[in-house]
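Just below is one structure, and these are the notes that go with it.
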Amino acid sequence: MVRPLAHMSPFREVPSVRLTCLLLFVPVVGGAVAATGPRAVPTVAIVGAAVVHPELDGAAAVAADSTVIIAGDRIEAVGAAATIKVPHGARVIDAHGKWLIPGLIDSHVHFFQSGNLFTRPDAADFGRFVSYASEVQRNQARLPQTFRVWLASGVTSVADVGGPFWNFEVRDAARASAAAPRVATTGPLISMIARPALDLGDPPIIKTASPEEARALVARELPHKPDYIKVWFIHQKGDDLAAQEAIVHATAEAAHAAGLRLAVHATELVVAKSALRAGADMLVHSVFDEPVDEEFITLAREHHILYCPTLFVVMGYPYALSGTWRPTDAEERLADPQVLAGLNLPHVPGDLWPERVAKLVREHAVVAPPTVAMQNLLKVWNAGITVVMGTDAGNIGTVHGPSVFREMELMQRAGLSPLQVLKSATVNGAATMAHSDLGSIAPGKLADLVVLETDPLADTWNLSHASYVLKDGNVFTPKELMSAVH
C-alpha cells in the first residue's frame, strides 16, 4: 500500500511566465458583473428555495420556500418567500423545488499541481514523456480554466496550503477575476526533507535544518502577506523527533509573532502530537497510521485546531499510477479536460513508465479506502474538534474542482451525516479562510451561494448538481463556466 501522504503531497515552483499579467481581465459569464470599474449595485433575488443553514441542527437546518435578496456582493435579506418583497428591477432566479447552500470551501489545495500524471515527478517521473517544466508552465497558463472548474463545482473559496513564491501571484490573479474563487495562500513549505525533482528555481518545498533557517524562511514569506505559514513535517526512521519539533516550534513562534497561523502536514500520530505541542493551528491531513488517542484529543482541544481529513488523496495516487483511475460523472462534467486526458495512463508508451508505475500496473492491487483515517475523522468530529473539508487537489489523481465530491462521499462513509459534511465545507471552512462573512446564509454575509437541483442532505453526491453558483453576488451557471474551459 502506498504510504499515506508522508512523501506524496508537497509543492514546488518554477520561474516561467509571470502570472500578474495573466488574468488582468477575464470575461464574466452567466450575467455576472465585472469586479472593477464604476457600476450600479446589482440586485438578485433567489425565490422559493429550500435554504440550508449548516450551522443549525436537524429540521432547523432547512427553511423551505425562502427568498434571499442580494445587493452587490452581500446578502441583504433572507426569509420566507411570503414575507420578502422582491425589489423592482432585480434579477430573479426561480429556485422553487431547489436547494440553496453557502458556497463550498476547500481547505486544502495546491495550484502549482494539476492532478495529472505529470505533476509530481518526485512520486512518479514521466519526464521522458512530459517535462516537469512544461507541466508547470501549463498549470500557470491554465489558471483561468482552473479557477472556473472550482466555481463550476460550487466551490467559491479555496486555501492553497503551500507552493512556490508564485503562489502569491495566483492569489492576485484570483482577486482580479470575477470568475474565480477567493484564494488564501502561503509560500514554500518549511520542510524536514528536500524535493529536488520539484525545484525549477522557485521551489515549493525548502528544506530547513535548524530553527534559525525556519525563522529565516518565514521572514522571506512575510513581505508577500501570506495567509498562514506551512510546515511539511516528515519524520523518517532515525530522525531526531525533538530536533524536528524545535524547528516546528520556531516556525510557530515566527508565524504567531506576525499574527499568522501555522498549518502542519503531519500524517502519523506521533508526528501530529509533536506538531500540536510545537504550536500547530491546523493539521492539513488526517492521522493515517493509527487511531488517535486521548492525548491527541486533549492537545487538539487545547490548541483549538482545525483538522482537515484529505481522505481521497491517498487513493488518487495508486488509482492513477496503476492505470485504474476513472472519472466520476461529476469529473466528466466539471473537471478540466486537459487534466482528465493527462490521467489516461495508456496514452503514455509503456517503455516510458517509471518502474513504480509498471509495478503497480502488474500487481493490479485493489485500492482500499483509508480506514484508520476515516475512523479518526469520526472520533475527532465527535470530540468537538473543528473538521474542515479539504481535498489536497492538484496531487496525482485528485483534480481541481470536482474532487470535492469524492472527498465528501468518503467523509459521509466515515460516519458523518450529509449535514455535518456540509458544515465542514462551509461554516467550518470559513475558519480556514479566517473570514467570518463566509460559510452561512444570513443578512450581511458575502453572497457566495450555490443553487442545487437535488437535496444535499439526502446524499453528499447531490452537491455536484448545481444550477447556479454565486460568488460575491455574481451569478454563474456551471454550463457557461465550463464552456470557457473546453
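The values are calculated or read from the model by the stated rules, or taken from the named source; none is laboratory data. The structure presented is a predicted model; accordingly, all values stated were derived computationally and were not measured. All Cβ positions, glycine included, derive from the backbone under ideal geometry; neighbour counts span all protein chains shown. Keep in mind that these areas ignore ligands, DNA and RNA; they rest on the heavy atoms of the full protein, side chains included. Shrake-Rupley method; radii C 1.70, N 1.55, O 1.52, S 1.80 Å.
Worth a mention:
- Residue check, ALA123 open to solvent by 10 Å² or more (accessible area, probe 1.4 Å), in contact (Cβ under 8 Å) with a residue 40 or more places away in the chain, more than 22 Å from MET389 (Cβ to Cβ) and in contact with a Lys or Arg (Cβ under 9 Å, 6 or more places away or on another chain): yes
- Output for region 221-241, where each listed residue is open to solvent by 70 Å² or more (accessible area, probe 1.4 Å) and among the aliphatic types (A, V, I, L, M): none
- Scope region 273-291; condition open to solvent by less than 20 Å² (accessible area, probe 1.4 Å) and basic (Lys, Arg); matching residues: none
- In summary, strands (runs of 3 or more DSSP E) completely within region 142-259 and bearing 1 or more residues that are without any contact (Cβ under 8 Å) to a residue 24 or more places away in the chain and either of a type in the set (A, V, I, L, M, F, W, C) or touching a Ser or Thr at 6+ places or on another chain (Cβ under 6 Å) (or both) occur at 205-207.
- Counted as qualifying within region 56-109 are the strands (runs of 3 or more DSSP E) with 3 or more residues that are open to solvent by 10 Å² or more (accessible area, probe 1.4 Å), namely 62-71, 74-80, 91-94.
- For ARG326, the conditions (1) over 18 Å from the mean Cα position of the chain (by Cα); (2) closer than 21 Å to LEU189 by Cβ are fulfilled apart from (2).
- The criterion of being without any contact (Cβ under 8 Å) to a residue 24 or more places away in the chain and closer than 30 Å to PRO181 by Cβ does not hold for SER403.
- One residue stands out among those in region 313-351 that are among the aromatic types (Phe, Trp, Tyr) and open to solvent by 10 Å² or more (accessible area, probe 1.4 Å): the one that is nearest to GLY154 (Cα to Cα), which is TRP325.
- Evaluating GLY115 against the criteria (1) closer than 24 Å to TRP353 by Cα; (2) not in a loop (DSSP other than H, G, I, E, B) leaves one unmet condition, (2).
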